[in-house]
1. Stretched out fully, how many nm does the piece from residue B:3 to residue B:59 gain, at 0.36 nm a residue minus the Cα gap?
2. Residue by residue, what Karplus-based ³J(HN,Hα) values in Hz, rounded to whole numbers, does segment A:52-68 have, using 6.51, -1.76 and 1.60 with θ = phi - 60° and x for Gly and Pro?
3. What does the charge dipole of the protein assembly as shown about its Cα centre add up to, to the nearest 20 debye, if the Cβ of each Lys and Arg holds +1 and the Cβ of each Asp and Glu holds -1?
4. How large is ³J(HN,Hα), in whole Hz, for each residue of segment A:88-94 in order, when computed from phi with the Karplus curve 6.51 cos²θ - 1.76 cosθ + 1.60 and θ = phi - 60°, using x for Gly and Pro?
5. In whole Å, how far is the Cα centre of segment B:1-31 from that of segment B:66-114?
6. Pull up the cross-link candidates among the aspartates and glutamates for residue B:101, meaning alpha carbon to alpha carbon under 15 Å and not fewer than 8 places away within one chain.
7. Given springs between every Cα pair under 10 Å in a Gaussian network model of chain A, which of A:22, A:13, A:64 has the largest fluctuation?
8. Could you name the lysines whose alpha carbon sits less than 17 Å from that of residue B:106, not counting residues in the same chain fewer than 8 places away?
Amino acid sequence: NAGVMQNPRHLVRRRGQEARLRCSPMKGHSHVYWYRQLPEEGLKFMVYLQKENIIDESGMPKERFSAEFPKEGPSILRIQQVVRGDSAAYFCASSPPSHNEQFFGPGTRLTVL
Amino acid sequence: AQSVTQLDSQVPVFEEAPVELRCNYSSSVSVYLFWYVQYPNQGLQLLLKYLSGSTLVESINGFEAEFNKSQTSFHLRKPSVHISDTAEYFCAVSEGGSNYKLTFGKGTLLTVNP
């Protein structure tokens, strides 16, 4: 059973470009969470999704950030018009419906030049 | 709102010494508590968790943590560390009722020296 997969592992973008981060949950997991880790900080919750539904996006910046988890395919975190402050590690986690444990992917490290 | 405080940002120790990484939380409701470990340039791995029952929980690699409700703490301990334990350790909490949103501390970098 493969773990949570994220790609790309490293992403470099120039200011103003778009960043797309992908997350494939563990088999059998229908719940996906995105977290952001800024340098020397803990992880901060961004959004919680189930298939085709955003359940809680209270941690998402109001502008430029969006997330989806379609019926088929991976979950996508999209950042439009990136700025240097978006540089961070973005982690995806998945869980079964019980929520008792979240399994984390290896992260995507976004660098904005 | 819940919060997690890890008082020590860095803890250097010598190999085979005991270690304690401190974690305190604040929450107005019942909580689930977790310790995650992050090795350099890797994702987080669950080390151990407290959901209910015995307040002392153990991991397979010798770590243990004790939930202390009166002190709102969940300190992580190991009686004898190895160099391979060098990593960043994160304490996290989720509220028992809507327990999907993990709130993390800022992390403690454990460095084990020979």
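Quick note: the coordinates plus some simple rules give every number you see, no bench work behind them. Since the model is a prediction, treat every value here as computed from it, not as a measurement. As a convention, Cβ positions derive from the backbone with ideal geometry for all residues, glycine included, and neighbour counts pool all protein chains shown.
1. On the way: separation 56, 0.36 × 56 = 20.16 nm, distance 2.39 nm.
Gain in length upon complete extension: 17.8 nm.
2. Couplings: 6, 9, 8, 8, 8, 10, 5, x, 7, x, 5, 10, 6, 9, 8, 9, 8 Hz.
3. Values: 23 positive and 21 negative charges, 190 e Å.
So the magnitude is around 920 debye.
4. Going residue by residue, I get 5, 9, 10, 10, 10, 9, 9 Hz, with x marking Gly and Pro.
5. Distance between centres, Cα-based: 5 Å.
6. A:56, A:57, A:101
7. The residue with the greatest mean-square fluctuation here is A:64.
8. A:44
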